[in-house]
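Visitor: The structure is given below, and queries will be raised subsequently.
The values are calculated or read from the model by the stated rules, or taken from the named source; none is laboratory data. Just so you know, these numbers come straight off a predicted model, no measurement behind them. Note that each Cβ is placed from the backbone with ideal geometry, even for glycine, and that neighbours are counted across all protein chains shown.
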Amino acid sequence: METSAEILGKRLLLVGGGHAHVLVLEAFARNPEPGLTITLVTKDGLTPYSGMLPGHLAGTYTRDEIHIDLKRLVRAAGAELILDEAVGFDRAARRVRLKGGEELAYDILSVDIGITPDLSGIAGAEEHALAVKPIGSLLEKWDRLVDSALAPDGPRRFAIVGGGVAGICLAFAVRAFFAARVTDPITVSLIGASEAPSINAGMRRRIARALKRRGIAVHAEDVAVRIDRSGVTLASGRHVPADAVLVSTHAAPPSVLATTDWAKDDSGFLAVRPTLQILNDETAFAVGDCATMVAHPRPKAGVFAVRQGPVLARNLRRAVRGEALEAYIPQRDHLLLIATGDGRAIGGRGRFLAFEGRLAWRLKDFIDRRFMRRFEF
Ligand SMILES: Cc1cc2nc3c(=O)[nH]c(=O)nc-3n(C[C@H](O)[C@H](O)[C@H](O)COP(=O)(O)OP(=O)(O)OC[C@H]3O[C@@H](n4cnc5c(N)ncnc54)[C@H](O)[C@@H]3O)c2cc1C
């Protein structure tokens, strides 16, 4: 075990202001590690909390309410914030290269940089669709969509491609937002609504009913193959007319990872041990969507990144102190709450529990607001 004199001057470098890293910063703000130098490198000074993102798009939460202020959090943790993008990782030299030209050396590194959209299977998606992942760049694109949709001749027919939890949340949010603000009739279509394994049968039935009640057309068991100005063409040959298309399908690893010799899974995500260290590098940790826990893989969702946060914080502290690390086995299921944009939500857990109503929404709102209060320093 290292003494505090040996910790003095050790450098912990966090790359990416994702869901797990905000919890690491919170942990070090509440319980500082004297002598340790902490630096966060991330692209943006504000990080959106995914649990409240659909609520913001639906018009329920303000932008301030759904963002964590990294500048404030970093200050509270006694750390340094560098707003830049990591463009190269040198494992042997323990250095990270930034887009701005700077190179940062570290003793312990942690990577939480999310994902990048994978539009490769859908012809025309790059030109004609709005990719909702990564969430960091979603709001800028959303603002442009809102501006055009609020114009008299703007889009009235919206399609969401991707039937995972995010796609379903988006369909409800898009419907709620535009139906309340556009006087002309609007249509919303959801394509591929049967992909989310975390949604049990009871929730699925409730979601199907809620989508129907709001007039959201669902094209389940079908996938988008082409997007153009007229809408979305499905594998079945069917055409879904749309003026604006949002894509929330599977995502790919950030391209910067392709250049590293860190261990990866078959899809190119960083392969990590139960301690959250990368398989072939004891000094580097990876969490959130950019990583795969090879012994216990879980879906790429904010909730799993959030759960990794406190474990990561403890293990980074232990790694700095030279102590043995904790092994982490993530829970299989979690409470899932999907807001329907009308002051109600549909919830469930595991294989059987499913419920819906105003109380479910109040529970979700309570949980999400309590989470955000953790970062009010
Ligand atoms: C509309 C929508 C709704 C969703 N709703 C839910 C939900 O209700 N529940 C849920 O569990 N999940 C939800 N998700 C999924 C969730 O958003 C992601 O799983 C979650 O954001 C992953 O967190 P992360 O920490 O891995 O990365 P992110 O939250 O994406 O954070 C990555 C961070 O790294 C930074 N970064 C990226 N590249 C670099 C680089 N090269 N150098 C430096 N910094 C970099 C980014 O700026 C960002 O700050 C939703 C997604 C969408 C699109």
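Visitor: Residues that are touching a helix residue (DSSP H, G or I) at 6+ places or on another chain (Cβ under 6 Å), part of a loop (DSSP other than H, G, I, E, B), more than 13 Å from the ligand (Cβ to nearest atom) and at pLDDT 95 or above: does the stretch 188-203 have at least one?
Guide: Scanning the stretch 188-203, I find no residue that is touching a helix residue (DSSP H, G or I) at 6+ places or on another chain (Cβ under 6 Å), part of a loop (DSSP other than H, G, I, E, B), more than 13 Å from the ligand (Cβ to nearest atom) and at pLDDT 95 or above, so the answer is no.
Visitor: Out of the stretch 136-145, which residues are in contact with a helix residue (DSSP H, G or I) (Cβ under 8 Å, 6 or more places away or on another chain) and under 17 Å from A179 (Cβ atoms)?
Guide: The one that is in contact with a helix residue (DSSP H, G or I) (Cβ under 8 Å, 6 or more places away or on another chain) and under 17 Å from A179 (Cβ atoms): W142.
Visitor: Name the residue that is surrounded by the most Cβ atoms within 10 Å (Cβ to Cβ), counting only residues in the stretch 131-153 that are touching a residue at least 40 places away in the same chain (Cβ under 8 Å) and farther than 23 Å from S267 by Cα.
Guide: L138
Visitor: Separate question: Exactly one of (1) out of contact with any helix residue (DSSP H, G or I) (no Cβ under 8 Å at 6 or more places or on another chain); (2) under 23 Å from V240 (Cα atoms); (3) modelled with pLDDT under 90 is unmet by A129. Its number?
Guide: Condition not satisfied by A129: (3).
Visitor: Give just the number: which of (1) touching a helix residue (DSSP H, G or I) at 6+ places or on another chain (Cβ under 9 Å); (2) surrounded by fewer than 16 Cβ atoms within 10 Å (Cβ to Cβ) does D266 not satisfy?
Guide: For D266, the exception is condition (1).
Visitor: Just one of G59, G51, G18, G45 is in contact with a helix residue (DSSP H, G or I) (Cβ under 6 Å, 6 or more places away or on another chain), within 15 Å of G309 (Cα to Cα) and within 15 Å of the ligand (Cβ to nearest atom); which is it?
Guide: Within the list G59, G51, G18, G45, the selection yields G18.
Visitor: Tell me the strands (runs of 3 or more DSSP E) entirely within the stretch 218-287 that contain at least 3 residues that are in the same structural domain as K133 (by TED's automatic domain parsing) and under 20 Å from A125 (Cβ atoms).
Guide: Here the list reads 224-228, 231-234, 239-241, 244-247.
Visitor: From the set of residues in the stretch 275-318 that are more than 16 Å from the ligand (Cβ to nearest atom) and of a type in the set (V, I, T), which is surrounded by the most Cβ atoms within 10 Å (Cβ to Cβ)?
Guide: T275
Visitor: Something else now. Looking at the stretch 22-50 only, could you name the residues that are closer than 17 Å to V303 by Cα, buried (at least 22 other Cβ atoms within 10 Å of the Cβ) and of a type outside the set (S, T, N, Q)?
Guide: V22, L23, V24, Y49
Visitor: Take residues that are among the basic types (K, R) and in the same structural domain as P310 (by TED's automatic domain parsing) and tell me which of the helices (runs of 4 or more DSSP H) falling wholly in the stretch 5-120 contain 2 or more.
Guide: 70-76
Visitor: Turning to a different aspect of this structure: Quick check: is even one residue across the stretch 62-72 loosely packed, with under 15 Cβ neighbours inside 10 Å and not charged (D, E, K, R)?
Guide: So far as the stretch 62-72 goes, yes, one or more of its residues are loosely packed, with under 15 Cβ neighbours inside 10 Å and not charged (D, E, K, R).
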